[in-house]
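Engineer: Below: one structure in C-alpha cells.
The values are calculated or read from the model by the stated rules, or taken from the named source; none is laboratory data. These figures come from a predicted structure and were not determined experimentally. No Cβ is skipped: glycine too gets one built from the backbone with ideal geometry, and neighbour counts run over all protein chains shown.
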Amino acid sequence: MVVANLRKALAEIDELSAERASIEEALKEERNRDNILPKLMASSGRSDNIFTDELKKYDELKVGTKSSAVSVSLES
C-alpha cells in the first residue's frame, strides 16, 4: 500500500514537473520575442498605456502558472 502511494505521488510529481517545464518554456519564448522598445520610442504620450497593453499578452501564461500553483497547494 505504501509503495503504491509513493509511486502515485511520484507520477503526480512527474506530471506537474512536465507541466511547469512547458509553462517555463513558453515564458522564455515570449520573453525572447518581446521587444517593446520600438513602440516606446514611437510613442509621444505616456508609456503607461503601452505597458498595460503589452502585459495583457501574458495573461494566458499567468493563468497557467496560477492553476499550477493552486494544484500544488490543494495537494499539500
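Engineer: Of the residues that sit in the stretch 4-19 and are free of Cβ contacts under 8 Å to residues at least 12 places away in the same chain and among the aliphatic types (A, V, I, L, M), which one is farthest from GLY64 (Cα to Cα)?
Structural biologist: Applying the filter and picking the extreme gives ALA4.
Engineer: Mind counting the residues in the stretch 36-50 that are surrounded by 10 or more Cβ atoms within 10 Å (Cβ to Cβ) and under 22 Å from LEU61 (Cα atoms)?
Structural biologist: Adding up the residues that qualify gives 3.
Engineer: Out of the stretch 20-50, which residues are without any contact (Cβ under 8 Å) to a residue 40 or more places away in the chain and either touching a His at 6+ places or on another chain (Cβ under 6 Å) or within 21 Å of LYS66 (Cβ to Cβ) (or both)?
Structural biologist: ALA21, SER22, GLU24, GLU25, ALA26, LEU27, LYS28, GLU29, GLU30, ARG31, ASP34
Engineer: If you don't mind, there's one more thing I want to ask. Look through GLU54, GLU24, GLU29, GLU15 and report the one residue that is surrounded by 10 or more Cβ atoms within 10 Å (Cβ to Cβ), in contact with an Asp or Glu (Cβ under 9 Å, 6 or more places away or on another chain) and at pLDDT 85 or above.
Structural biologist: Result of the check over GLU54, GLU24, GLU29, GLU15: GLU54.
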